[in-house]
Every structure is written in structure tokens, then in C-alpha cells.
Amino acid sequence: MTDRPTPWPGEPTDEDAPPERARPGPADKGALGERLVDAVDASDAPDVVFAVSRRGRRTLHTGGTAPPPAVPREDLRYEIGSASKTFTGLLLTRLIRSGVLTGGEPAAVCLDPTRPAGPGPVTLAHLITHTSGLPALPADFVPRALPAWRTNPYARYPAERLTGTFLRHRPKHRPGTRWHYSNYGVSVLGHAVAAATGTAWEDLLSAYILRPFGLNGTALRAEDPKTDATGHRKDGRTPVPAFDAGGFQAAGAVRSTPYDLLAFLEAHLDPAGSPAAGALRAVRVPVLRRGLGHRHVHTAAWFRHPTDGGPMYFHSGATLGQQAFLGFRPDTGTALAAVCTRRFRARDPFIATAYAFLAEE
């Protein structure tokens, strides 16, 4: 979810307990700690957290332009916007590997079993890989969202409208032939998977991702003003309401703590110790290249970028008042979760700083 509302068989069971992970102390006073301090300062936001895990050792630094909140910044729950798609991609992969789905199901048939699949249908796999032929957002999103443009535009586009629009849509390109990033497509995926399994999206996420990974501080909606981080407009001073994803849950509704995000990333670094080992390995595998001129390759959950030591995997996200960057590098055993409470703006330093931090490890 960008900060702008326009285009802009053999798996361990879910009941297996996740490994316990120690909480870190203050940032190291060595080179890593100094880099974290610089990264937080460069982000220029009311609240900032850079949390790093390097070969199992966690280091975290917090700061910001605003006075420290009553609850420590590292214990707040932050909106991660489009980085939610990493949870969605892993969830779909777990469902496929467990035999619940194949990924080749036509999304329209999942949503409406009475309709024929037809030739060349949009499948669940097309939706998660951004090759469905759908635009970034539904054609009627803007007029629908305008009355709440500066507050919560996505809240004005509920699930029923989103799925109905999809069932009437005719893609301009044959599914699977072109890559085009689409919040719309991944959101449709969430509703199609829920319909196909007969289980609400929130319950699927909890059963296959949150509980198995021990992510007790992760949710799909704001729950407590004391522990949910407050986002701000571009000026870094004006607060904005908690983000409501409306019908776009699978694309951008996740909010999480830095500790939970690190645990999620650490599982990707060390799949052998996870209750979802096969799926975690699968989401590293490239699915397609974005196109000529792009170094980035897309997997079922991540962007994959080459480095001298090997690939790094990452995804950023933003809402109308917060930003997030998630990434990991198997070659260095490093994971980074960075969050801040200010809306994206032109030449914004936050994502660039987080990306550079991970790329230069």
C-alpha cells in the first residue's frame, strides 16, 4: 500500500511452538550501533525504529523528532502498508504446500462458483505475482475515495465493492504476460482465498502465520491508542487517523511491532528452525523479472535484488501516515525491520536509508 491512494506435504503443524527469541538491549556502541543512530537521525520522522538481526543477535535503535511516547517506541505497533504482501505471499505459499490450494484456481470462480472459468482466467498465482493484468487500483476508486482523501480513502472501498468490480473487469493483457504492481490484485487474492477455503482472511493469517511464528503483537487493525503508533502527515507534526484498509486487507492491513517483524524475518533467514520451512524456502525462489532494465526479480512475496555476496530480499510499504521497510540477506545472515511515523514525501530519506543499510551490510 503506497502512501498515495492512487497509482501511485510434510510441513510441521501450525501448533508447533516457535523458538523463543531474546529481546535486545540498547544498540551496540560499535560500528553497527553508530550506523543505526545515523539511520534513525537521517529518517527525519516523529518516531523511528531500526531493528537489526545479524546471525541471531539483535540490535535495535529508536529515536525521532517527537518527544518519546509513553510506551517505548520499540513496543508500539506500526502500520506496514504494502509490506503486508510478504505475509500474504507466505500465507498463500503455505496453503499451496499443505494441499489446501494449488495456486492455479481461477480467482473469479473462487469468488463466484456459479460462473465458468473461461479461457485464460486470472489465477491466484497471477494475483500474488502482479501478473493478473489488473491496474494498481480499481477504476472507480478515486471518485469513491475523494470525500476521505486526506484521512482514510481506502476505508470507503469495502470488500463487496472490490470483489464486484473484479468480477466485472476485463484485463487489457492476457494474465501471466506482463508485470504490473497492483494493490487491487493482491486484495482480490485475499478475498478469493478466503472464499475458496471458507475461512476469513484474518483467521487464515492467524492460523498459518501469526500463531506459528509467535507474532503476538501483529494485527490487521488498530486496537489500542496507547500501543498503536500514531502516524503523521508529511510535515511530521500533524497526526492522522489510524489506517483502515477497507477491502484491501491482504495488500496493506498488517500492523506489527519491531520485535514481531524481526521474528518474521529471522524465520526467513533460518527456515530449518521454522514451522513453515518449505514455504519459507519457496518464497525465495524468483518467479519472474519485472522487465527489461530492472535488476529486481519478484518472488511470491519479495523483491529480490543482486548483491556481490548474493541476493537480498526486501519490501517496503507506506500508509497515509507511516512507512516500513522489511528485508533480509542470507549471505550475511542479516535482517532489517525499519518503521517510522511520517507519510512518504518527495525525496524521502527513510526508505533509501533502510535499503542502503541492508545493501551495504
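Just so you know, all these numbers are worked out from the coordinates, no wet-lab data involved. Quantities reported herein were computed from a predicted structural model and do not represent experimental measurements. Cβ placement follows ideal geometry from the backbone for every residue including glycine, while neighbour counts extend to all protein chains displayed.
General observations
- Around residue 48: net Lys/Arg minus Asp/Glu count, Cβ-Cβ under 13 Å: -4
- Calculated over the range 164-237, the projected area of the Cα convex hull averaged across directions stands at 8.6 nm².
- Computed over the range 31-359, relative contact order equals 27 percent, with contacts defined as Cα pairs under 8 Å that lie 6+ residues apart.
- Footprinting exposure proxy ranking of 80, 128, fewest other C-beta atoms within 10 angstrom first, gives 128, 80.
- Listed by Cβ neighbour count within 10 Å, with the fewest neighbours leading, 134, 101 appear as 101, 134.
- Per-selection Kirkwood Rh - the range 31-359 (Cα, Å, 1 d.p.): 20.0 Å
- Theoretical FRET efficiency, 1/(1+(r/R0)^6), r = Cβ-Cβ of residue 41 and residue 197, R0 30 Å, to 0.05: 0.10
- Net lengthening on full extension, residue 172/residue 281 (0.36 nm per residue, minus Cα-Cα): 35.9 nm
- The mean sequence distance of close C-alpha pairs (under 8 Å, at least 6 residues apart), as a share of the length of the range 183-281, puts its relative contact order at 32 percent.
- A Förster radius of 45 Å, combined with the Cβ-Cβ distance separating residue 100 from residue 57, puts the computed FRET efficiency at roughly 0.80.
- Binning the C-alpha pair distances of the range 115-175 at 5 Å intervals from 0 yields a P(r) profile of 4, 16, 24, 23, 16, 11, 5, 2, 0 %, listed from the shortest bin outward.
- Going from the residue with the fewest nearby Cβ atoms within 10 Å to the one with the most, 55, 329 rank 55, 329.
- The range 172-331 shape via C-alpha gyration tensor axes, a/c threshold 1.5: rounded
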